[in-house]
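Heads up: the structure comes next, in C-alpha cells.
The values are calculated or read from the model by the stated rules, or taken from the named source; none is laboratory data. Note that this is a predicted model, so its numbers are computed, not measured. With ideal geometry, Cβ positions are generated from the backbone for all residues, glycine too; neighbour counts draw on all protein chains shown. What goes into the accessible areas is simple: the full protein's heavy atoms, side chains included, and nothing from ligands, DNA or RNA. Shrake-Rupley method; radii C 1.70, N 1.55, O 1.52, S 1.80 Å.
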Amino acid sequence: MSSFAGLSVVTNGKHCTTTAIDAGMDSGYHLLVVKDYLRTVQEVPNGKSIFSGHFMVGGHKWRISYHPNGKQPSCADFISLGLRLVDDDVEEAVKAKFMFSFVDQVEKQKPKEFFANQTCIFPVKGYCWGSLKFMKRDALERSAHLKADCFTIRIDIMVCNDLTTQQDVVGTLSGIGQHFKILLQDKVGCDVTFEVSGETFLAHRCVLAARSKVFRAQFFGPMAQGITSNAIQIKDMDAKVFAAMLSFIYSDSFPQMEENKAQAVQGQEEEAAKLVTWLQDLFVASDRYDIQQLKFLCEKKLFDLIGVSSVACTLALAERHNCHGLKDACLTFIQVQSPKCLEKVMETGGWELIVTTYPSILKEIIAKVASNQKDKKRKYESM
C-alpha cells in the first residue's frame, strides 16, 4: 500500500514549508503545492530552484527541487522537477522508481505505467534524477492544472529492494485518501475557504479533488478556469454536517464525536431523533459530493437506527436517493408493525412527506401490509 509522506507548500515566490510524515513503507507519495506560481517564475531564474523540506520513503530521506524557469538553458521555457537523495550516510546505492504528476491526473494512471519507468540509481548523498522538461510554462498557464495561481504536484516513489515491493504497490497510485488528517489539523498549505452557515472552513484543493469527483471537477475541470475566488459558499448544509464530511475526507474514518454520541443516546428518544437527522443530512452531503464510502456508512447506520419515529423519514430519503437496500429495510419494518405502531408512524413528519412527495410509496406500503395480514390469516387458519 502506497503511503502518504507529507506535504510541501511553496509561498511568497521562494519560501517552502514542509509537513513530513514517514511513509514507513517501500512506496509512498509526497505532495508539492506551488502557490504564487507567477511570482516563482519572476523571482527564480533559469538554473535556480526551490527545494522542498525532507521527507521519508522506503527508509530514505528525499527532497524535491522545483525549477520554475528550467534547470538548464536548453529547457528555459519549461518547468523542471527533480528528486534528490539526502540521506546523511549512503552505505550503498539506492535504487528507486518515481513519477511526477499533477494531483488531478493520478486516478487516470495505471500501475503498469509506473513500472515502465526507468529504475534510477542514487549512489551518493545529493544525487538527483528528474524531469528537465516536465511541462512548458505556457501550456501550464493555459491548463486546468493551474488554478488561482496555484498547482499541486504529486511524486510517487518506490524503493526497489525486491520484487515484493512491486507487488505491494500495484493498484495504489490512486490510493491518495490515507493519512491526511494531520494536514486538516495543522492547516498547513490550505488553499481554499468554505463558508457554511456562517462558519469558515479551510482545506486543500488537492485533497478534496482526490477524494471527490465533484470537487475535482469544481477545482480542476473545464469550468474551473472561470472560478477566481478562493472562498466558496456552501448552501443548504449545516456547518456541523460539512465539518463531519470534511473530517471523513481527510481521515477516512467516521466522525468520532458523532460515534460517541451515537452510543450515548441509546434510549433517549429526543437525542436519538437528532442523531438520525444528523446522519440523514450527512448522507445527503455525501451523495451531493459523490463520496461513496461515507454514503455507504451513513446508510448502514441509518439501517441500524430504523424505528417507529424515524422509519418514514428514512424511507423518503432512500426513495429520493435511490437506495434500494435501505428502502426495502424500511418497508419490511413497516410491514411487520402492529396497527397501533402504524398509527404512530403515520403521525410523524416523515409520513406527511411521503404522502405529499412520494405517493407511489403508499401503494408499496399497502401491498406490504396486506401481504403480512394474509400471511397471518393463513397461519391462523392452519392452526
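By accessible area of protein heavy atoms, probe 1.4 Å, what ranking do 135, 245 get, highest first? Present the calculation step by step, with values, prior to reporting the outcome.
Numbers: 135 40, 245 0 Å².
So, going from the largest accessible area down, we get 135, 245.
Given labels modelled 7 Å from the Cα in the Cβ direction, how far is it in nm from residue 95 to residue 12?
4.4
Rounded, prolate or oblate: pick one for the range 6-107, where a ≥ b ≥ c are the square roots of the eigenvalues of its C-alpha gyration tensor, a/c under 1.5 means rounded, and failing that, prolate if a/b is larger than b/c, else oblate.
On the way: a/c = 1.82, a/b = 1.56, b/c = 1.16.
Cα axes put the range 6-107 in the prolate bin.
What is the calculated FRET efficiency for residue 132 to residue 253, with r their C-beta to C-beta distance and R₀ = 41 Å, to the nearest 0.05? Let's see the in-between values first.
Working: r = 41 Å, r/R0 = 1.01.
Once rounded, the FRET efficiency stands at 0.50.
Leaving ligands, DNA and RNA out of it, work out the accessible area of residue 362 with a 1.4 Å probe and give it in Å² to the nearest 10.
In the full protein context, residue 362 sits at about 40 Å².
Determine the order of 129, 62, 278 by accessible area, beginning with the largest, at a probe radius of 1.4 Å. Kindly include the intermediate steps, with their values, before the conclusion.
Details: 129 75, 62 0, 278 25 Å².
Final ranking, largest accessible area leading: 129, 278, 62.
Arrange the peptides 333-341, 46-54, 310-318, 88-96 so that the one whose residues have, on average, the most other Cβ atoms within 10 Å appears first. List each step's numbers first, then the result.
Working: 333-341: 13.9, 46-54: 17.9, 310-318: 24.8, 88-96: 12.3.
Put in order of decreasing packing, that is 310-318, 46-54, 333-341, 88-96.
Using a 1.4 angstrom probe on the protein heavy atoms only, could you order 309, 247 from most to least accessible area?
Working: 309 75, 247 30 Å².
Highest to lowest solvent-accessible surface, that is 309, 247.
Roll a 1.4 angstrom probe over the protein heavy atoms and tell me the percent of accessible area of the range 1-88 that is carbon or sulfur. Each step should come with its number before you reach the end.
Details: 1560 of 3160 Å².
Carbon-and-sulfur percentage of accessible area, whole number: 49.
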